[in-house]
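Let me begin by presenting the structure, written as structure tokens, before commenting on it.
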Amino acid sequence: MAAGDRVDRHDCCQRASGRAARRTGQPADRRHHRHQSHLFPHPEVTGYSAGYNRHNRRKDVFKKALVLGLAAGLALATTAFAADPLKIVYIGKNTGNPYFDSITGGFVDACKELGCEFEFVAPATAEATSQIPFIEAQIQRGVNVIGIAPNSPDALNQVLDDARSKGILVLTVNGDLVGNEQHRDATILPVDFTKTGPNQVELMGSMIGYKGEIAILSATTEAPDQNTWIAAMNDTLKNDAKYKDMTLVATVYGDDQPEKSTTEMEALLSNYPNLVGVIAPTAKWAASQPSL
């Protein structure tokens, strides 16, 4: 493990080990305490050159987090799963979203190192309940691990509980079940989400001289990750005097769809002629590219 990497192995890390031990008749070495704090902090990645692109960096971050996280969570399950390779599925928010290419690449690389079978699936649209049939299908298939970028903080609670009751380890990846963390086993995040919103406000402020009207063009109205960032953006704009001359005039949603994102962007430009900047915490090509 390199300097700067940390895996906080709380009891919830060992859920899979305990469930596997029960399958083989072996005693679990610890009990799971579902109300303990989150499992995986954010891996620090250093030493990249200026030319190293963001796609590869994000892929490496997720590969490192997945290798460390899955190894920690499943270390004691080796005996139980020895007969067959682990089956891991990652359920993205929606198909046709290039943001998830690097995350999927991290899964592929991590599974090569761990000897796992991997599959990526996703619904066509990023609606609150659109991932439920995909989770149900993976439960029926009998996978060992479900990784998911949740489209809602609460709509998936019951089906994820069903998965966990059948011995499936549930990881939220790139976003969490904000306020409902007890319905998953662990989370893997690429950055410190408490800093994402303030950092985006600062970046926008530095580009517009810290004054003028701005707007937010986000993904879906229920996206847990984006909503966490947006709440922090609002808090930063309201309470930090550095941004007192910046005014948030609107928050709109393009549902991670190019066409709707374009329509929403055009409406912002039409409705707010003094607009000087738009923060778009959504898929790169879904929101920003069509109008810019």
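Select from region 194-208 the residues that are among the hydroxyl-bearing types (Ser, Thr, Tyr) and surrounded by fewer than 19 Cβ atoms within 10 Å (Cβ to Cβ) and write down the one among them that is farthest from MET246 (Cα to Cα). Don't jump to the end; show me each part of the working.
Quick first cut of region 194-208, residues among the hydroxyl-bearing types (Ser, Thr, Tyr) only: 194, 196, 206.
Now restrict to residues that are surrounded by fewer than 19 Cβ atoms within 10 Å (Cβ to Cβ): 194, 206.
Working: THR194: 21, SER206: 11 Å.
Here the residue is THR194.
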Study note, to complete from the structure: How many residues of region 251-292 are modelled with pLDDT of 90 or more, part of a helix (DSSP H, G or I) and farther than 20 Å from GLU127 by Cβ? The answer is 7
Practice item. Assess whether ALA126 counts as being crowded, with 18+ Cβ neighbours inside 10 Å and in a loop (DSSP other than H, G, I, E, B). Key: yes
Check your understanding: Looking at (1) part of a helix (DSSP H, G or I); (2) farther than 18 Å from THR187 by Cβ, which is the only condition ASN97 fails?
Key -> (1)
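Looking at region 100-122 only, could you name the residues that are in a helix (DSSP H, G or I), of a type in the set (D, E, K, R) and over 21 Å from PRO281 (Cα atoms)? Steps first, answer last, please.
Our first condition is that a residue be in a helix (DSSP H, G or I); within region 100-122, this holds for 100-114.
Okay, now just the ones that are also of a type in the set (D, E, K, R), so 101, 109, 112-113.
Scanning region 100-122 gives ASP109, LYS112, GLU113.
One residue is enough: does region 68-87 have a residue meeting the conditions part of a helix (DSSP H, G or I), at pLDDT below 80, farther than 30 Å from GLY254 by Cα and touching a Phe, Trp or Tyr at 6+ places or on another chain (Cβ under 6 Å)? Lay out the reasoning, then the answer.
We begin by selecting, within region 68-87, every residue part of a helix (DSSP H, G or I); these are 68-81.
If we keep only those that are at pLDDT below 80 as well, we get 68-81.
Still in the running and farther than 30 Å from GLY254 by Cα: 68-81.
Right, trim to touching a Phe, Trp or Tyr at 6+ places or on another chain (Cβ under 6 Å) and you get 69.
Yes, there is a match, as at least one residue in region 68-87 is part of a helix (DSSP H, G or I), at pLDDT below 80, farther than 30 Å from GLY254 by Cα and touching a Phe, Trp or Tyr at 6+ places or on another chain (Cβ under 6 Å).
Which of the residues belonging to region 140-169 are in a helix (DSSP H, G or I) and either under 14 Å from the mean Cα position of the chain (by Cα) or closer than 19 Å to THR129 by Cβ (or both)? Can you show your working first?
Going through region 140-169, the residues in a helix (DSSP H, G or I) turn out to be 140-141, 157-165.
Hits for region 140-169 are GLN140, ASN157, GLN158, VAL159, LEU160, ASP161, ASP162, ALA163, ARG164.
Say whether the condition of being at pLDDT 90 or above, within 20 Å of ILE188 (Cα to Cα) and either surrounded by 18 or more Cβ atoms within 10 Å (Cβ to Cβ) or out of contact with any strand residue (DSSP E or B) (no Cβ under 9 Å at 6 or more places or on another chain) (or both) is met by at least one residue in region 100-115.
Step one: list which residues in region 100-115 are at pLDDT 90 or above, which gives none.
No: region 100-115 contains no residue that is at pLDDT 90 or above, within 20 Å of ILE188 (Cα to Cα) and either surrounded by 18 or more Cβ atoms within 10 Å (Cβ to Cβ) or out of contact with any strand residue (DSSP E or B) (no Cβ under 9 Å at 6 or more places or on another chain) (or both).
Yes/no matrix, rows are residues, columns are (1) crowded, with 20+ Cβ neighbours inside 10 Å; (2) touching a Cys at 6+ places or on another chain (Cβ under 7 Å); (3) of a type in the set (D, E, K, R):
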| site | (1), (2), (3) |
| --- | --- |
| VAL173 | yes, no, no |
| ASP176 | yes, no, yes |
| ASN180 | no, no, no |
| ASP185 | yes, yes, yes |
| ASP192 | no, no, yes |
| LEU237 | yes, no, no |
| LEU248 | no, no, no |
| VAL278 | yes, no, no |
Review point. Across region 170-181, which residue is nearest to LEU160 (Cα to Cα) among those that are outside any loop (DSSP other than H, G, I, E, B) and in contact with a helix residue (DSSP H, G or I) (Cβ under 9 Å, 6 or more places away or on another chain)?
Key: VAL170
Point to revise | Scope region 168-217; condition farther than 30 Å from ARG141 by Cα and among the aliphatic types (A, V, I, L, M); matching residues | key: VAL191, VAL201, LEU203, MET204, MET207, ILE208, ILE214, ALA215, ILE216, LEU217
Point to revise | Options ASP161, ASP84: the member that is within 25 Å of THR221 (Cβ to Cβ) and acidic (Asp, Glu) | key: ASP161
Check your understanding: When you scan region 261-276, how many residues do you find that are of a type outside the set (Ser, Thr, Tyr) and surrounded by 16 or more Cβ atoms within 10 Å (Cβ to Cβ)?
Key -> 5
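The values are calculated or read from the model by the stated rules, or taken from the named source; none is laboratory data. Model, not experiment: these values are computed from the prediction. All Cβ positions, glycine included, derive from the backbone under ideal geometry; neighbour counts span all protein chains shown.
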